[in-house]
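Trainee: Mind looking over this structure? Questions follow.
Nothing in this text is a laboratory measurement; each read-out follows from the coordinates by a stated rule. Keep in mind it's a predicted model, so treat the numbers as computed, not measured. No Cβ is skipped: glycine too gets one built from the backbone with ideal geometry, and neighbour counts run over all protein chains shown.
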Ligand code: SF4
Ligand code: SF4
């Protein structure tokens, strides 16, 4: 990337995020002129090659956009295609999807908390370094993550790119006996998740406040995961079908990820902090209690506390998984038929990192004619850049190495996923 | 202690995540190798040479084509992990298409992009010592490979087809029992035949087995009622080179 700039200071890479990219900061006369996340994950063209594929194929194909949250891609794809075909899956299938999704929330959140983010707060380069001093903590995280993965394997066949998801439902519904051993594991996981909340609540959170509009799915009677309509903290409410009227994407020269903003309103934030702020009254009593004890109020506007929100959502996902297993009765048919028709369909679900929108158009034979995918990290990019601008402005006295480290940390607050949109490796600070 | 580095090219991160998904073995492994470069997991990065390099992802930009040569030069053993690195991955679907047109579909101003017309496997650019197949790779195979290298033996990696694993697992054959199309006979073993265990046909995510019988496979797919274009699509998803000509007719 250095060829793009005349004066650059190359400083150590930004790590423990998923994907590739860089951050560029330009400071002139002591004033932050420009902050850019340069996302240079090579374009992978999913939306292009989905065209001409059958309407049954997107769950397997779009899963490959992200190895960390494949279920999110599968679920948004299924929702969009079923919407196009006018099919609603029966409650038993929907419940099994939610259960699978809980596994992904646990796996992804715990990965981020323990392996990617906590080392920042504790002054370690990685969880492996942390394990040298506090093996018990890292072991607890790995065990909790494994429970999420095992849940995904029991339902999806595999934790990374599950094979059992299909448009209309599943290839095979698990027998109650397949899930019973997981229930016991999830009881242990609940304690581990509550301990995690208490642990991360004790970290030192720099004072920082953002005023971004926040966006998440919502449902009337439960914390939204795999379905819902959209709300924002600015008072917007709209159905998933209206997503593209409110969210516009544009391409910027410095990134292969598209930038999204709310039409006529500007940058916004999606993800755990947004979900919590918009829906926390719908968390389970235990998760709410844990949140309160951890010092989270009705809103979360300090991005550093995102790690606490993720831990609270992990508690919720574990409890919800237990509830769903207790209520589980195998559906009479693992999937319903989804006959194709010429139509457009829209789907959005809450990926661990935020609202993930898909749209497909297909012809009467079920061949896809166009596809659009809006991942959470692209939606967040403008808000993250805005935070960084203010963040850097307050820290210009730091040397480059220190500043780099702190910027990395600030970016990791958002758990950016870069295979789908972004990945960081380098920070460039240009000062004059 | 031998050093281990993990590198990423165009990919979804799923294969390197497989390493972090070795929850029971990760800390033990970290005691046997020194993980000195692994951006997904650590800020720390030590310069090469490296004893073992794991490479995920395919080559899709001119810059990456240069980067993989640099990595090869500082790696004693280079192992590619996953379908992207060994065969080009799902993004190799572009190889039979017009990339400029693709770019115009996804990006309003494709001129900003710096991309190659193809997504090629690592072995198309540099010598590769071992290849782990799968989208994603199998954790067990990854541990077997690293473990074997640590004690100085050859990793035991299968070249036969998923059908063998399916039989060993006592799965019911989904083609015979349910008439489901299945690529098991021509797909490389390694996953443990997950899909048939879930009552679906294999869709080839471990790539082609060593000596696939293509003609027989096309007949098998036809017998389940599949049409030519569907067969081509199914074969090409994880095997960009697949040209089941007789199927298109
Ligand atoms: S081979 Fe599959 S799982 Fe591995 S990085 Fe590529 S897309 Fe992801
Ligand atoms: S059965 Fe085939 S498609 Fe399924 S996981 Fe194994 S190799 Fe992949």
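Trainee: Taking the highest mean first, how do the peptides B:182-194, A:289-301 order by number of other beta carbon atoms within 10 angstrom per residue? Write down the numbers at each step before the final one.
Mentor: Values: B:182-194: 24.5, A:289-301: 16.5.
Most protected by this proxy first, the peptides run B:182-194, A:289-301.
Trainee: As an exercise, use a Förster radius of 22 Å and the Cβ-Cβ distance of residue A:88 and residue A:343 to find the FRET efficiency, rounded to the nearest 0.05. Display every interim value, and only then the final one.
Mentor: On the way: r = 15 Å, r/R0 = 0.66.
Computed FRET efficiency for residue A:88 and residue A:343: 0.90.
Trainee: Does the range A:305-376 come out rounded, prolate or oblate, given a ≥ b ≥ c as the square roots of the eigenvalues of its C-alpha gyration tensor, rounded meaning a/c under 1.5 and, failing that, prolate meaning a/b above b/c?
Mentor: In terms of gyration-tensor shape, oblate.
Trainee: Let me ask you something else. Fewest to most neighbouring Cβ within 10 Å: what's the order for A:363, B:230? Write out the running numbers ahead of the final one.
Mentor: Numbers: A:363 13, B:230 16.
If I rank by nearby Cβ atoms, fewest first, I get A:363, B:230.
Trainee: Run lengths n ≥ 4 of DSSP H only: what is the helix-derived mean residue ellipticity at 222 nm for the protein assembly as shown, with -39500 (n - 2.57) per run over all residues, to the nearest 500? Let's see the in-between values first.
Mentor: Values: 26 runs with 270 residues, N = 681.
That calculation yields -12000 deg cm²/dmol at 222 nm.
Trainee: Would you mind computing, in nm to one decimal, how far apart the modelled labels at residue B:241 and residue B:123 are, each placed 7 Å from Cα along Cα→Cβ?
Mentor: Once both label points are built, they end up 0.7 nm from each other.
Trainee: Looking at the calculated P(r) for the range A:138-196, what percent of the C-alpha pair distances fall above 16 Å? It would help to have the intermediate numbers written out before the result.
Mentor: Numbers: 834 of 1711 pairs.
Value for the range A:138-196 (Cα pairs over 16 Å): 49 percent.
Trainee: Same structure again: Quick check on chain A: take the gyration tensor over C-alpha atoms, sort the square-rooted eigenvalues as a ≥ b ≥ c, and tell me if it's rounded (a/c under 1.5), prolate or oblate. Present the calculation step by step, with values, prior to reporting the outcome.
Mentor: Numbers: a/c = 1.80, a/b = 1.27, b/c = 1.42.
In terms of gyration-tensor shape, oblate.
Trainee: Using every Cα-Cα pair within the range B:3-151, state what percent have a distance larger than 25 Å. If you can, show how the numbers build up before the last one.
Mentor: Numbers: 3185 of 11026 pairs.
Tail of the P(r) past 25 Å holds 29 percent of the pairs.
Trainee: Please compute the modelled spin-label separation between residue B:169 and residue B:95, points set 7 Å along Cα→Cβ, answer in nm with one decimal.
Mentor: Between residue B:95 and residue B:169, the label points sit 2.7 nm apart.
Trainee: Show me the ranking of peptides B:129-135, B:11-17 by mean Cβ neighbours inside 10 Å, starting with the highest.
Mentor: Values: B:129-135: 23.7, B:11-17: 29.6.
Ranked by mean Cβ neighbours within 10 Å, highest first: B:11-17, B:129-135.
Trainee: What is the extension gain from residue A:180 to residue A:284, computed as 0.36 nm multiplied by their sequence separation minus the C-alpha to C-alpha distance, in nm to one decimal? Mind dumping the intermediate values first?
Mentor: On the way: separation 104, 0.36 × 104 = 37.44 nm, distance 2.21 nm.
Extra length available between residue A:180 and residue A:284 comes to 35.2 nm.
Trainee: Relative to the longest principal Cα axis of chain A, at what angle does helix A:400-412 sit, 0 to 90 degrees, rounded to 10?
Mentor: So the inclination is approximately 20 degrees.
Trainee: Shifting gears a bit: Which angle between 0 and 90 degrees, to the nearest 10, do you get for helix A:376-393 versus the longest principal axis of chain A when only C-alpha atoms count?
Mentor: The answer is roughly 20 degrees.
Trainee: Here's something else I'd like to know. Using 0.36 nm per residue of separation minus the Cα-Cα distance, give me the extension gain between residue A:293 and residue A:125 in nm, one decimal. Walk me through the numbers before you get to the answer.
Mentor: Numbers: separation 168, 0.36 × 168 = 60.48 nm, distance 2.87 nm.
Gain on extension, residue A:293 to residue A:125, equals 57.6 nm.
Trainee: Taking the simple approach of a point 7 Å from Cα along Cα-to-Cβ for both residue A:336 and residue B:178, what is their distance in nm?
Mentor: Distance between label points: 1.9 nm.
Trainee: Which of B:59, A:93 has the fewest other C-beta atoms within 10 Å, and how do the rest follow up to the most? Walk me through the numbers before you get to the answer.
Mentor: Values: B:59 26, A:93 20.
Result, fewest neighbours first: A:93, B:59.
Trainee: What's the average, rounded to a whole number, of partner chain beta-carbon atoms within 10 Å of each residue's beta-carbon in A:58-64?
Mentor: Numbers: counts 0, 0, 6, 3, 1, 4, 13.
Partner Cβ neighbours, averaged per residue: 4.
Trainee: I need the semi-axes of the equivalent ellipsoid of the range A:43-127: take the C-alpha gyration tensor, multiply each eigenvalue by 5, square-root it, list largest first in whole angstrom. Please list the in-between numbers first.
Mentor: Working: eigenvalues 198, 69, 10 Å².
Each semi-axis is √(5λ); the values are 31, 19, 7 Å.
Trainee: Mind ordering A:158-164, A:352-358 by average Cβ neighbours within 10 Å, highest first? Walk me through the numbers before you get to the answer.
Mentor: Working: A:158-164: 25.1, A:352-358: 28.1.
Those peptides, ordered most packed to least, come out A:352-358, A:158-164.
Trainee: Right, next: Which stretch or stretches of the range A:144-165 have amide N atoms under 14 Å from the point lying 7 Å from residue A:188's Cα along the Cα→Cβ direction?
Mentor: A:144-151
Trainee: Checking the a/c ratio against 1.5 first, then a/b against b/c, what shape does the Cα gyration tensor give for the range B:162-236?
Mentor: Numbers: a/c = 1.81, a/b = 1.26, b/c = 1.43.
Here the range B:162-236 falls in the oblate category.
Trainee: Calculate the mean, over all residues of peptide B:42-50, of how many other protein chain Cβ atoms lie within 10 angstrom of the residue's Cβ.
Mentor: On the way: counts 11, 15, 8, 5, 0, 0, 0, 0, 0.
The per-residue average across the peptide is 4.
Trainee: Sticking with this structure for a sec: Quick one: Debye curve from the alpha-carbon atoms of chain B only, equal weights, vacuum; give me log10 I(q)/I(0) at q = 0.12, 0.15 Å⁻¹ to two decimals.
Mentor: -0.75, -1.08
Trainee: Given a Förster distance of 41 angstrom, what is the FRET efficiency for residue B:215 paired with residue B:24, based on the Cβ-Cβ distance and rounded to 0.05? Provide the component values of the computation, followed by the final result.
Mentor: On the way: r = 43 Å, r/R0 = 1.06.
After rounding to 0.05, the efficiency reads 0.40.
Trainee: For each of B:174, A:197, count neighbouring Cβ atoms within 10 Å of the residue's Cβ, then give the residues from fewest to most.
Mentor: Values: B:174 23, A:197 26.
Ranking B:174, A:197 by Cβ neighbours within 10 Å, fewest first, gives B:174, A:197.
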